[in-house]
Amino acid sequence: MKEETKLIHGVPYDPLTGAISTPIYQTSTYVQESPGVHKGYDYTRTNNPTRKTLEKLITKLEYGCDSLAFSSGLASIDAIIKLLNFNDEIIAIDDIYGGTFRLLNLYKKLGIKTYYIDMTNINKLIISISKLKKLKLIWIESPTNPTLKVSDIKKICKISKKINPKVLIIVDNTFSSPVIQNPIKLGADVVVHSATKYLSGHSDVLGGLITVKDKNLYEKLKYIQNSTGGVLSPIDCWLTIRGCQTLFLRIKKQSQNAFKIASFLNEKKSTFIENVYYPGLSNHKNHLVAIKQQKYFGGIVSFSLLKDTIDNAKKLVSSTKLFKLAESLGGTKSLICHPATMTHKSTPSNIRKNVGIKDSLIRLSIGIENVEDLINDLNHVLLNL
């Protein structure tokens, strides 16, 4: 089956009633025939039929061995970090999502060290892997949030495993979704999603997903999840399953819209705009990697203003009509965000600026509206800055 068909028919109908929609098993516990004898479910923190359906679905989409659904994207990331021990080391992409940066910073006091590098520079990565003796994880976001750098996942996996065969390679695939790229097929060990974003797709769910390619690793993460309890609720699992069924349609439309908006903004360079960040533009520094690695270029566009001030950026993001000023991304409605004071506020200013997150950088999450309406909204605001 092709991907779109697999996604739709990867959600089974209910064999008990014939219901075409997955039931919401809103229960905390399950009746047992005798102690320890049950139908595969004893307590919802451990397992739930609705959650299992979602986990099987994302496993098929990401070509993994098994998956786990968590109460948020950061809860899933936290579970992965809990695999590590005192003095273990992580290499992470330098312009990592602010929430992940904050979480990794918390683990510093537990002796887990993170080194941030630009993974589009393979030579820097080789040097870092070679010199770190207790390296356990390589953490990739591609494209990154919010500067949309694209790392060559296949090359990173091949080179990293050659130097250190035991290192685990994690790819945060939130910005791309399984529609655009499949990191496990490119050599990654673990794929992470904030299901809050494109997978659920309607700005009404908080959730996270992990897909792994190794059963042993799955069992370790399952133990951590069951011990700490950060599971996704049945209703949020159901909403994510429902959202996933339109994933291909939404991603295609959002990518088409984003390319047209990025092209429009690119034409405004030297008048209002300094830089436009979108992998689909031929002048993007990682454009050729994106062509090789991605089926589409995604629904996120970032740009910085010629007048590089926070006040200028705040004025712009507060003036749009269709683009709603809000955190998050990946929903059907277009959103606008100022990373320096919103998503990446917890990242120190000097670190933000070193990785290209300027004071005037603005991130757009493109929805499924008519693209001409979205362009007119942006154009009106730019003309009135």
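Listed values, structure above:
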read-out	value
Criterion (closer than 30 Å to N123 by Cα and surrounded by fewer than 24 Cβ atoms within 10 Å (Cβ to Cβ)) met by exactly one of K162, K220	K162
The lone exception for S203 - which of (1) in a helix (DSSP H, G or I); (2) of a type in the set (G, A, S); (3) out of contact with any strand residue (DSSP E or B) (no Cβ under 6 Å at 6 or more places or on another chain) it fails	(1)
Entirely in segment 206-305, the strands (runs of 3 or more DSSP E) that have 2 or more residues that are more than 19 Å from K52 (Cβ to Cβ) and in contact (Cβ under 8 Å) with a residue 40 or more places away in the chain	273-277, 300-305
Identity of the residue in segment 167-195, on the phi < 0 side of the Ramachandran plot and either without any contact (Cβ under 8 Å) to a residue 12 or more places away in the chain or among the hydroxyl-bearing types (S, T, Y) (or both), that ends up surrounded by the fewest Cβ atoms within 10 Å (Cβ to Cβ)	T174
Residue match in segment 344-367 (condition: surrounded by fewer than 22 Cβ atoms within 10 Å (Cβ to Cβ), within 24 Å of G201 (Cβ to Cβ) and assigned by TED's automatic domain parsing to the domain that holds K252)	no
Selected residue (criterion: modelled with the lowest pLDDT) from residues of segment 306-341 that are acidic (D, E) and in a loop (DSSP other than H, G, I, E, B)	D308
Answer from Y116, Y63, Y97, Y107 - the residue that is under 22 Å from P339 (Cβ atoms) and either surrounded by fewer than 16 Cβ atoms within 10 Å (Cβ to Cβ) or over 16 Å from the mean Cα position of the chain (by Cα) (or both)	Y116
Boolean, Y43 is without any contact (Cβ under 8 Å) to a residue 60 or more places away in the chain, surrounded by 11 or more Cβ atoms within 10 Å (Cβ to Cβ) and in the same structural domain as L232 (by TED's automatic domain parsing)	yes
Residue within segment 215-237 that is under 17 Å from L7 (Cβ atoms) and not β-branched (V, I, T) present	yes
Residues (under 28 Å from G99 (Cα atoms), part of a helix (DSSP H, G or I) and not charged (D, E, K, R)) located in segment 345-373	S349, N350, I351, N354
Qualifying residue in segment 231-242 (condition: polar (S, T, N, Q) and crowded, with 18+ Cβ neighbours inside 10 Å)	yes
Count of residues meeting criterion [more than 29 Å from K213 (Cα to Cα), of a type in the set (S, T, Y) and exposed (fewer than 12 other Cβ atoms within 10 Å of the Cβ)] in segment 2-27	1
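The values are calculated or read from the model by the stated rules, or taken from the named source; none is laboratory data. Owing to the predicted nature of the structure, the values given are computational and were not obtained by experimental measurement. We place every Cβ from the backbone using ideal geometry, glycine too, and count neighbours over all the protein chains shown.
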